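Down below is the structure, laid out as structure tokens.
The values are calculated or read from the model by the stated rules, or taken from the named source; none is laboratory data. Note that this is a predicted model, so its numbers are computed, not measured. Cβ: placed from backbone, ideal geometry, glycine included. Neighbour counts: every protein chain shown. Calculation scope for accessible area: heavy atoms of the full protein, side chains included, ligands and nucleic acids excluded. Shrake-Rupley method; radii C 1.70, N 1.55, O 1.52, S 1.80 Å.
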Amino acid sequence: MTLERPKVLVIEDEPHIRQFLRISLSSQGFQIIEADTGQAGIRALVTSEKSAITGVDLVLLDLGLPDMDGQQVLDEIRCQSEVPIIVVSVRGNETEKVRALDNGANDYVTKPFGIQELLARIRALLRRKELNTTPHRYHYGNLTVDVPAHVVTLNDHIIHLTPKEFSVLTLLISHAGRVVTQTHLLRDIWGPTHQEDTHYLRIVVSKLRQKLGDNPQSPSLLQTEQGIGYRLCVDLDRKEHQQ
């Protein structure tokens, strides 16, 4: 079983930049939709959200488009969707950045840019979107996970998790009942340069099982799909975080 790959809409009129983004993002497991004008980008977003099982997960938007200014594209997208948007533009002045962010952009990257920095910003926005679209508090038997507070309790006792342990647990929670591949976990939590470092993941999962009282010889909570990844085998009760 595999997870749906995140879908990124690239609205960019420069062919060489589109090619660079297509190659770079595809190699990291993203699906790419390309548009070379503002109107084409807006149509692609609307079409994807109407016809696909899952719509666009994130937009990379250039401001210097041939048919309309990127700020106008940003306005029109925001009238229709809350999809995360990263502006990627040669316009580096503070006024342009503030305007884009005020108009609803989630982040702003100035050209030329490093692909690792851009990937980190994409991952951060997708993680934030994932947590914002799921309930904040989860219950399974005597286990409670409060995502915003970063608090995990078992039998009413706080379980102290490291940041990596908590990240692995919350990512598995967000896909409860489904297999999350090793590559997905390593890429999103450790970064793309650690996608082959499966021993990091094994150590964290082993410690998680120990702390959560999940029998490592016959785990019922965090199950291993041999050679593929891990599955959180729970039917979670979801509750909104209490303020």
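Helix-only arithmetic for the chain: the sum of -39500 (n - 2.57) across DSSP H runs with n ≥ 4, divided by the residue total, places the mean residue ellipticity at 222 nm at -12000 deg cm²/dmol. The mean accessible area for residues of the stretch 10-125, using a 1.4 Å probe and ignoring ligands and nucleic acids, is 46 Å² per residue. Computed in the context of the full set of protein chains, the accessible area of the chain at 1.4 Å probe radius has 48% of its extent on carbon or sulfur. Take each peptide in 119-127, 90-98, count the other Cβ atoms within 10 Å of every residue, and average; sorted highest first, the result is 119-127, 90-98.
Solvent exposure of the stretch 152-219, expressed per residue, is 50 Å² of accessible area, with all protein chains present and a 1.4 angstrom probe. Each residue was assigned an accessible area with a 1.4 Å probe, and for Glu14 the value is about 80 Å². When a/c reaches 1.5 or more, the comparison of a/b and b/c decides; with that in mind, is the stretch 1-120 rounded, prolate or oblate per its Cα gyration tensor? It comes out oblate by the Cα gyration axes.
Per-peptide packing, taken as the mean over residues of other Cβ atoms within 10 Å, places 78-86, 167-175 in the sequence 167-175, 78-86 from highest down.
For Cα pairs less than 8 Å apart in space and 6+ apart in sequence, what is the mean separation divided by the residue count of the stretch 82-210, i.e. the relative contact order in percent? After rounding, I find 14 percent. For Val151, the residues whose amide H sits under 5 Å from its own are Asp146, ignoring neighbours fewer than 5 places away on the same chain, with H placed 1.01 Å from N.
Using the alpha carbons alone, the radius of gyration of the chain stands to its Kirkwood radius in an Rg to Rh ratio of 1.02.
Quote the relative contact order of the chain in percent (integer), defining contacts as alpha-carbon pairs under 8 Å separated by 6+ residues. Reported relative contact order: 15 percent. Database remark: amide H of Ile85 closer than 5 angstrom to the amide H of Val59, Asn106, Asp107 (H placed geometrically; neighbours at sequence offset of 5 or more, or on other chains; Pro and chain starts carry no H).
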